[in-house]
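Take a look at the structure below.
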Amino acid sequence: MSGVFKAVMGRAIIWLPYLWLLIFFLAPFFLVAKLSVSQTAIAQPPYLPVLTMGEGLSGWWADFKTFAFDNYAFLATDSLYWKGYLSSLQIAFISTLLTLVIGYPLAYGMARAPRTMRPLLLMLVILPFWTSFLIRVYAWIGILKKEGLLNQFLLWLGLISEPLTVLNTDVAVYIGIVYSYLPFMVLPLYANLERQDGTLLEAASDLGCNRFSAFWQITWPLSRPGVIAGCFLVFIPAVGEFVIPSLLGGSSTLMIGRILFDEFFLNRDWPISSAVAVLLLLILIVPIMLFQRSEARAREMAKGVGP
């Protein structure tokens with residue numbers, strides 16, 4: 001009896017993640033996908049048709065036959081949307097590179113710091129998460145505006161003669177994204193660099209390698225799984241970001257997350273906004289799959305199974 005109970009419990013534990021995925025991802029995605037092939041209507045809810053459970057399968061099939069893909073065709077013809085997708089990918093890509101350039105030396109310094117100092121340094125990286133994300137983005141408005149701390153500091157140093165226009169530009173968006181997502185780059189890099197065997201660098205030094213050669217031939221190749229994980233953890237959410245471009249970006253800053261928010265809450269065009277969300281998810285599936293593949297390969301290499 002105990003063996004049967006353990007088997008049932010084991011299967012239940014295995015199916016719990018799938019149940020979580022079904023309730024909190026697949027079911028909402030089904031509703032959004034259904035909205036994306038509906039038509040706009042001035043009513044509550046502002047779309048047609050509405051799938052009703054009371055009519056059974058015949059009612060579902062009757063509603064399904066009225067679905068149209070005009071919303072997706074409209075997204076392809078309207079330059080606002082495809083330019084928003086391209087701009088979002090560009091901003092997310094550049095922000096990811098900047099985050100990597102800043103985060104790698106930071107994680108490297110943390111991993112090479114004395115062991116007694118590492119918990120403190122790690123806490124300082126995580127500390128911003130203790131404050132609301134919205135408050136931290138709002139704080140950058142006071143820093144980047146013309147009368148803000150940045151311009152006052154540069155004027156005090158004598159580096160500029162008049163205040164710079166940074167707020168409401170793409171530069172402010174890059175600053176906000178890099179600042180907000182920097183811990184997502186540092187943490188996987190630190191975890192990877194901290195686990196590396198230091199004796200490999202000692203062996204390279206004994207064989208005549210200088211520090212740069214040893215880093216480029218040993219540390220960098222071994223840290224690639226952390227680099228890939230950090231880049232995906234920054235790039236994927238940055239593509240759909242809407243808070244940072246809404247608060248720090250100007251009217252010319254196009255990001256698909258901001259367009260999606262405006263379509264849903266301001267224009268109340270639920271079908272178009274749902275189509276935008278579905279296409280955004282399809283675009284992000286590729287980096288998500290690549291991220292999962294890199295994680296699987298990293299686990300295999302850690303076990304000594306992979307190449």
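Computed from the coordinates by the stated procedures, all read-outs in this text should not be read as laboratory data. Values in this document were obtained by computation on a predicted structure and should not be read as measured data. Note that each Cβ is placed from the backbone with ideal geometry, even for glycine, and that neighbours are counted across all protein chains shown.
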Margin query: Let me understand the chain better: what is its radius of gyration from the alpha carbons, and its Dmax, in angstrom?
Written below: 24.7, 82
Checklist line | Distance between modelled label sites at VAL32 and SER252, nm, 7 Å Cα→Cβ extension | finding: 3.1
Margin query: For a Förster distance of 35 Å, can you work out the FRET efficiency between the beta-carbons of ARG268 and LEU290, rounded to the nearest 0.05?
Written below: 0.50
Notebook entry, point to check: What's the lysine pair count for the chain at a Cα cut-off below 30 Å, pairs eight or more apart or interchain?
Noted result: 5
Note to self: Positive end of the dipole of the chain, charges at C-beta (+1 Lys, Arg; -1 Asp, Glu), about the Cα centre: which of LEU120, THR199, ILE228 has its Cα farthest in that direction?
What the structure shows: THR199
Next item on the list: Please give the FRET efficiency for LEU164 paired with PHE93, using the beta carbon to beta carbon distance and R0 = 25 Å, rounded to the nearest 0.05.
Entry: 0.50
Item checked: Full-stretch length increase - GLN217, LEU201 - with 0.36 nm per residue and alpha-carbon distance subtracted -> 4.8 nm
Check: Contour minus end-to-end for ILE126 and ILE14, with contour as 0.36 nm per residue of separation and end-to-end as the Cα-Cα distance?
Finding: 37.2 nm
Checklist line | Longest segment of the chain lacking trypsin sites (Lys or Arg not before Pro) that sit in a DSSP loop with at most 15 other Cβ atoms within 10 Å | finding: 147-267
Margin query: Starting from the 7 Å offset along Cα-to-Cβ, what nm value, one decimal, do you get for the label separation of TRP82 and LEU21?
Written below: 3.3
Notebook entry, point to check: How large is the helix-only mean residue ellipticity at 222 nm for the chain, computed as the sum of -39500 (n - 2.57) over DSSP H runs with n ≥ 4, divided by its residue count, in deg cm²/dmol to the nearest 500?
Noted result: -22500 deg cm²/dmol
